[in-house]
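J.: Take this structure, written in structure tokens, and hold onto it; I'll ask about it next.
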Amino acid sequence: MRSPRSAPAGSDSRRAAAELDRLIGPAAAGDQRAVTEIIRIVHPLVRRYCAARVGTGNPNITADDIAQEICIATVTAIPRYRDQGKSFLAFVYGISANKVADAFRRAQQHPSYPVAEFPDVASTAPGPEEMALNLERRRATRELMEILAPAHREVLVMRIVLGWTAAQTAEAIGTSPGVVRVMQHRALTKLRARLTA
């Protein structure tokens, strides 16, 4: 059994991390009910993470599809999981980061623009110009974020986009809240320097 660890400040994340750490032993030993319960807990967390990372502007990438891939990868990895000092939730977020990166790579290699049917009435959705501007802003933001180390990007997504506390972020990436704050500060300083250059 793992030793008690400092839990994130958010009660939902703290409960989820504790419950996952309790379930991973039986799940790795083959208990299918434990595996099912892990997926029930993990799915909404990774779905929210994917939605924050992907946004809504890319028709080739959906948060639901990536969340499903993460859940499948998690189930596949459970029998091989070994406690390396981090929570199982941190392990799942590692899988999540990889799956999101894979989805962006696939979308760039094979772009498509699906259209279900032509509407009968005029759309109130953003027009082509507004969509192009939004896409350009997203692309510029993504390029700007590329100057950061992957760990710093993850910290900014969790802290700023998802609104997590330093303690929640620290639990997810397996470090301390102080280190998370330092990483966030350094990342923001680097982004500011690039924008003013």
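The values are calculated or read from the model by the stated rules, or taken from the named source; none is laboratory data. Keep in mind that this is a model prediction, so the values were computed, not measured. Note that we place each Cβ from the backbone using ideal geometry, even for glycine, and neighbour counts take in every protein chain shown. Keep in mind that these areas ignore ligands, DNA and RNA; they rest on the heavy atoms of the full protein, side chains included. Shrake-Rupley method; radii C 1.70, N 1.55, O 1.52, S 1.80 Å.
J.: Under a point-charge model restricted to the Cβ atoms of Lys and Arg (+1) and Asp and Glu (-1), what is the dipole moment magnitude of the chain relative to its Cα centre, in debye to the nearest 20?
T.: 960 debye
J.: With all protein chains present and a 1.4 Å probe, how do 169, 189, 36 order by accessible area, largest first? Don't skip to the answer; put the middle values down first.
T.: Details: 169 0, 189 60, 36 90 Å².
I get 36, 189, 169, largest accessible area first.
J.: How big is the charge dipole of the stretch 116-171 about its Cα centre, in debye rounded to the nearest 20, if each Lys and Arg gets +1 on its Cβ and each Asp and Glu gets -1 on its Cβ?
T.: Around 320 debye, computed over the stretch 116-171.
J.: If each residue of separation counts as 0.36 nm, what is the full-extension length gain between residue 83 and residue 122 once their alpha-carbon separation is subtracted?
T.: 8.5 nm
J.: Placing +1 at every Lys and Arg Cβ and -1 at every Asp and Glu Cβ, with all other atoms neutral, what dipole size does the stretch 11-79 have around its Cα centre, in debye to the nearest 20? Please list the in-between numbers first.
T.: Values: 8 positive and 8 negative charges, 39 e Å.
So the magnitude is around 180 debye.
J.: Keeping all protein chains in place and using 1.4 angstrom, which order do 146, 37 fall into by accessible surface area, from largest down?
T.: Per-residue accessible area, sorted high to low, gives 146, 37.
J.: Please report the accessible area of residue 129 (heavy atoms, 1.4 Å probe, ligands and nucleic acids excluded) in Å², nearest 10.
T.: Rounded to the nearest 10, that gives 140 Å².
J.: Okay, moving on. Going by alpha carbons, how many degrees (0 to 90, nearest 10) lie between the helix axis of 63-77 and the longest principal axis of the chain?
T.: In the chain, helix 63-77 runs at an angle near 30 degrees to the longest axis.
J.: Connecting C-alpha atoms closer than 10 Å in a GNM of the chain, tell me which of 138, 47, 14 has the biggest fluctuation.
T.: Maximum fluctuation in the GNM of the chain, among the listed residues, is at 138.
J.: I would also like to ask the following. What spacing in nm lies between the two simple spin-label points modelled at residue 140 and residue 29, each 7 Å away from Cα in the Cβ direction?
T.: Between residue 140 and residue 29, the label points sit 5.6 nm apart.
J.: Given the options 26, 79, 126, which has the most mean-square fluctuation in a GNM of the chain, springs set between C-alpha atoms less than 10 angstrom apart?
T.: Evaluated over the chain, the most mobile residue of the options is 126.
J.: Could you give the length gained on full extension between residue 147 and residue 192, defined as 0.36 nm per residue of separation minus the Cα-Cα distance, in nm?
T.: 15.0 nm
J.: So how do 12, 120, 64, 21 rank on accessible area, 1.4 Å probe, biggest first, that is with the largest at the start?
T.: 120, 12, 64, 21
J.: Tell me, what is the FRET efficiency for residue 72 and residue 160 to the nearest 0.05, using R0 = 30 angstrom and their Cβ-Cβ distance as r?
T.: So, using R0 = 30 Å, E works out to roughly 0.55.
J.: While we're here: Leaving out ligands, DNA and RNA but keeping every protein chain, what accessible area does residue 173 have, in Å² rounded to the nearest 10, with a 1.4 Å probe?
T.: That residue has around 50 Å² of solvent-accessible surface.
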